[in-house]
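Asks: Before we start, here is the structure in question, set down as structure tokens.
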Amino acid sequence: NETLERFEINTPHRIAMFMAQIGHESGGLNIVEENLNYRPERLKVIFPKYFQNVDVSEYAHNPEKIANRVYSNRMGNGNEASGDGYKFRGRGFIQLTGHDNYAHFAEAIGMTVDEVVEYMKTPEGACMSAGWFWASHGLNHFADNGDCLGATKRINGGTIGLAEREAIYKEALEIFS
């Protein structure tokens, strides 16, 4: 409730869209931290750009090593050796990722970046970080227009899980209307 109020997720369409998006992104509000435990063949499918001409067996089933490779030198993270990729991997109900996102969220709620790393593992922090992301990326606009596709692309960068998001949105809209 605090998150919904703070970030003006305050109409049936906004609440339903928020629930649809965080519901999918968090596996039904069960996942607050990115796992990244992949088999060698999945690494090449999920992260093809990062595992070309690399012995994927060195990374398989090693979430820390995978995160440090995939998230290095972007989103404000340092190089692979810095450990930033793993430290700032996806957390919260929208899977906030990267040092810059963590730093902006920390500033918005008056915490340090290190405090936010731990806070986002809690139910309150997972929800609050999702609300912050929602507001800072203008997602109420998509919700006001019932645009599940637009909201999904803004959050995910693509359309992964669109059918599930649309189904949750429809069901939640019936509940909150």
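The values are calculated or read from the model by the stated rules, or taken from the named source; none is laboratory data. Please read these numbers as outputs of a predicted model, since none were measured by experiment. Note that we place each Cβ from the backbone using ideal geometry, even for glycine, and neighbour counts take in every protein chain shown. Note: areas computed on protein heavy atoms with side chains; ligands, DNA, RNA excluded. Shrake-Rupley method; radii C 1.70, N 1.55, O 1.52, S 1.80 Å.
Asks: What are the residues in region 123-146 that are surrounded by fewer than 20 Cβ atoms within 10 Å (Cβ to Cβ) and closer than 17 Å to residue 4 by Cβ, if any? Step through it out loud before you land on a result.
Replies: First, the residues of region 123-146 that are surrounded by fewer than 20 Cβ atoms within 10 Å (Cβ to Cβ): 123-124, 135-138, 141, 144-146.
Those that are surrounded by fewer than 20 Cβ atoms within 10 Å (Cβ to Cβ) and closer than 17 Å to residue 4 by Cβ: 123, 124, 135, 136, 137, 138, 141, 144.
Asks: Residues of region 75-89 being under 18 Å from residue 105 (Cα atoms) and open to solvent by 20 Å² or more (accessible area, probe 1.4 Å), which ones?
Replies: Those that are under 18 Å from residue 105 (Cα atoms) and open to solvent by 20 Å² or more (accessible area, probe 1.4 Å): 75, 76, 84, 86, 87.
Residue by residue, here is whether (1) buried (at least 16 other Cβ atoms within 10 Å of the Cβ); (2) part of a loop (DSSP other than H, G, I, E, B); (3) on the phi > 0 side of the Ramachandran plot holds:
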position	(1), (2), (3)
3	yes, no, no
23	yes, no, no
38	yes, yes, no
60	yes, yes, no
118	no, no, no
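Asks: In region 120-159, how many residues are of a type in the set (Lys, Arg) and touching a helix residue (DSSP H, G or I) at 6+ places or on another chain (Cβ under 7 Å)?
Replies: Narrowing region 120-159 to residues of a type in the set (Lys, Arg): 121, 153-154.
Narrowing further to those that are touching a helix residue (DSSP H, G or I) at 6+ places or on another chain (Cβ under 7 Å): 154.
Summing the residues that are of a type in the set (Lys, Arg) and touching a helix residue (DSSP H, G or I) at 6+ places or on another chain (Cβ under 7 Å) in region 120-159 gives 1.
Asks: Answer with yes or no whether residue 101 is over 13 Å from residue 24 (Cα atoms) and open to solvent by 10 Å² or more (accessible area, probe 1.4 Å). Spell out the reasoning first.
Replies: Numbers: over 13 Å from residue 24 (Cα atoms): yes; open to solvent by 10 Å² or more (accessible area, probe 1.4 Å): yes.
Yes, satisfied.
Asks: Just the residues that are surrounded by fewer than 16 Cβ atoms within 10 Å (Cβ to Cβ) and not basic (Lys, Arg), please, taken from region 63-74. Please lay out each step first, then the result.
Replies: Residues of region 63-74 surrounded by fewer than 16 Cβ atoms within 10 Å (Cβ to Cβ): 64, 73-74.
Residues satisfying the conditions are 64, 73.
Asks: Against the conditions (1) under 13 Å from the mean Cα position of the chain (by Cα); (2) surrounded by fewer than 15 Cβ atoms within 10 Å (Cβ to Cβ); (3) not in a loop (DSSP other than H, G, I, E, B), where does residue 27 fall short? Just the number, please.
Replies: Unmet condition: (3).
Asks: Can you find, within region 142-160, the residue that is nearest to the chain's Cα centre (by Cα) among those that are aliphatic (A, V, I, L, M) and more than 15 Å from residue 173 (Cβ to Cβ)? Lay out the reasoning, then the answer.
Replies: To start, the set of residues in region 142-160 that are aliphatic (A, V, I, L, M) comprises 143, 149, 151, 155, 160.
Those left that are additionally more than 15 Å from residue 173 (Cβ to Cβ): 149, 155, 160.
Working: 149: 16, 155: 7, 160: 13 Å.
Among those residues, the one meeting the criterion is 155.
Asks: Based on this model, can you work out whether residue 51 counts as farther than 28 Å from residue 125 by Cβ, open to solvent by less than 30 Å² (accessible area, probe 1.4 Å) and in contact with a helix residue (DSSP H, G or I) (Cβ under 8 Å, 6 or more places away or on another chain)?
Replies: Details: farther than 28 Å from residue 125 by Cβ: yes; open to solvent by less than 30 Å² (accessible area, probe 1.4 Å): yes; in contact with a helix residue (DSSP H, G or I) (Cβ under 8 Å, 6 or more places away or on another chain): yes.
Yes, satisfied.
Asks: Right, here's the next one. Exactly one of (1) open to solvent by 60 Å² or more (accessible area, probe 1.4 Å); (2) more than 20 Å from residue 11 (Cα to Cα); (3) of a type outside the set (S, T, N, Q) is unmet by residue 149. Its number?
Replies: Going through (1) open to solvent by 60 Å² or more (accessible area, probe 1.4 Å); (2) more than 20 Å from residue 11 (Cα to Cα); (3) of a type outside the set (S, T, N, Q) one by one, residue 149 breaks only (2).
Asks: Show the residue pairs that are 6+ apart or on different chains and have beta-carbon atoms under 7 Å apart, the first residue being within region 48-72 and of a type in the set (D, E, K, R), the second being open to solvent by 60 Å² or more (accessible area, probe 1.4 Å) and modelled with pLDDT of 95 or more.
Replies: 64/86; 69/80
Asks: Within region 105-164, can you find the residues that are touching a strand residue (DSSP E or B) at 6+ places or on another chain (Cβ under 7 Å) and free of Cβ contacts under 8 Å to residues at least 60 places away in the same chain?
Replies: Result: 105, 129, 133.
Asks: Quick check on region 5-18. Is at least one of its residues of a type outside the set (Val, Ile, Thr), free of Cβ contacts under 8 Å to residues at least 24 places away in the same chain, outside any loop (DSSP other than H, G, I, E, B) and open to solvent by less than 80 Å² (accessible area, probe 1.4 Å)?
Replies: So far as region 5-18 goes, no, none of its residues is of a type outside the set (Val, Ile, Thr), free of Cβ contacts under 8 Å to residues at least 24 places away in the same chain, outside any loop (DSSP other than H, G, I, E, B) and open to solvent by less than 80 Å² (accessible area, probe 1.4 Å).
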